[in-house]
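Since the structure comes first, as structure tokens, the remarks are kept for the end.
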Amino acid sequence: MNATDIILVIVALAFAWSMGAHYTGACMGMPVATGSVRPGKALLIMAPLTLAGAALLSHGVLANIGHRVILAKTLGNGGALAILIAAFLLTIFFNQRRIPTSTIQILVFSMIGAGSALGLGIRWGLIMRLAVIWVLAPAAAFVLGFALTKALDLFPRLSQSGSAGLIGRMLVVVGGGASLAMGANDVANATAVFLSTGFAGPFLAGIVGGVGLAAGVLTWGRPLLERMAFDVVKVDMPMATAAQIVQGMVVLTAVFFGYFTSMNQALIGAMAGAGFARGRETIGTKVIFSILRGWIIGPAAGAALAFLFTIVGKQL
């Protein structure tokens, strides 16, 4: 392992750490919102499950993104570092402002920026398939969140069971499942470039990224957890259960086919659908619009920064 490889691992770990913090709300926001679990305990539950998902369930996504976005046998450490630094800086930016965004979209567009700067071909067909998934996932989550909330309303005792009841405990389990899905789905953001450069295979990439994700959950996860739990939508037990179940279903379906989609977009889509089932006034509209702006700005900024960093790196 040379000095450049060490730097690549350090930056990848830093990016994974920032993502672990970023997605706490997407995974455990609903259990916390309903009082089913306290924030500190939620983070302790989430961290090991995120690591397990990254180490054991992420290999298909890692291979797909690491080898198929850019048409080149190897990306090179310079391009990989430009991608990770751009995505890392943008994720830190959104974390500091407590705005959920899509680190997946930031990563893919950062890869496009770096690949373009290096004159490498881009698999635009794969990008288009990912774009379709990104559009359909929150829309499907909205519909399913609405439908499942209405279905759960047929059992009114659920909303009266309280955080100490069986449904509250089951919601914590569902949040744990979402944490497992997050590790499988999002570790590729940080360590798919290990495969692109030939530095490591899927198993090692999953473990390294999973350690970074778990560290982020434990050390900086609380602000985004509380933003998602308390600011986006006011939820009751059926709404929270529906939103978290739907999110896990949408994300794991994408992972099963070797693709990844946004945890935040899936959850917010499901939460919006659940809120719509209760009436529009339950949705934090201003927060939703700020999140939408983040989803637009993040990918474009990722492409621009990665392109710039790659050009600068070539001159050094």
Whole-Hz ³J(HN,Hα) for each residue in the range 63-74, computed from phi via Karplus 6.51 cos²θ - 1.76 cosθ + 1.60 with θ = phi - 60°, x for glycine and proline: what do you get? 5, 5, 7, x, 10, 10, 6, 10, 7, 7, 5, 9
For the chain, take the longest principal axis of its alpha carbons; what is the angle in degrees between that and the long axis of helix 39-57, to the nearest 10 within 0 to 90? 50
Alpha carbon centre of the range 1-48 versus the range 95-140: separation in Å? 20
As I understand it, the value is the acute angle between the Cα axis of helix 237-256 and the longest principal axis of the Cα atoms of the chain; what does it come to in degrees, rounded to 10? 30
Give the Kirkwood hydrodynamic radius (Å, one decimal) of the chain, defined as one over the mean of 1/r across all pairs of different Cα atoms. 19.0
Footprinting proxy, 4, 149: sorted fewest to most Cβ within 10 Å, the residues are 4, 149
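Return a single number: how many Lys pairs in the range 3-315, at a sequence separation of 8 or more or on separate chains, have alpha-carbon atoms below 27 angstrom apart.
Values: 41/234; 73/314; 150/234; 150/286; 234/286.
Eligible lysine pairs with Cα atoms under 27 Å apart amount to 5.
If each residue of separation counts as 0.36 nm, what is the full-extension length gain between residue 257 and residue 304 once their alpha-carbon separation is subtracted?
Numbers: separation 47, 0.36 × 47 = 16.92 nm, distance 2.93 nm.
Taking residue 257 through residue 304 to full extension adds about 14.0 nm, to one decimal.
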In the range 1-86, which trypsin sites (Lys or Arg not before Pro) fall in coil by DSSP and have 15 or fewer other Cβ atoms within 10 Å? 73
Kindly express, to the nearest 10 degrees and within the range 0 to 90, the angle between helix 124-152's C-alpha long axis and the longest C-alpha principal axis of the chain. 10
Please give the FRET efficiency for residue 128 paired with residue 292, using the beta carbon to beta carbon distance and R0 = 22 Å, rounded to the nearest 0.05. 0.55
In nanometres, the difference between 0.36 nm per residue of separation and the alpha-carbon distance of residue 56 and residue 96 is 11.4 nm
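Every number here is computed from the coordinates shown, using simple stated rules; none is lab data. Here the structure is a predicted model, which means the values were calculated and not measured. Every residue, glycine as well, gets a Cβ built from its backbone with ideal geometry; the counts of neighbours run over all protein chains shown.
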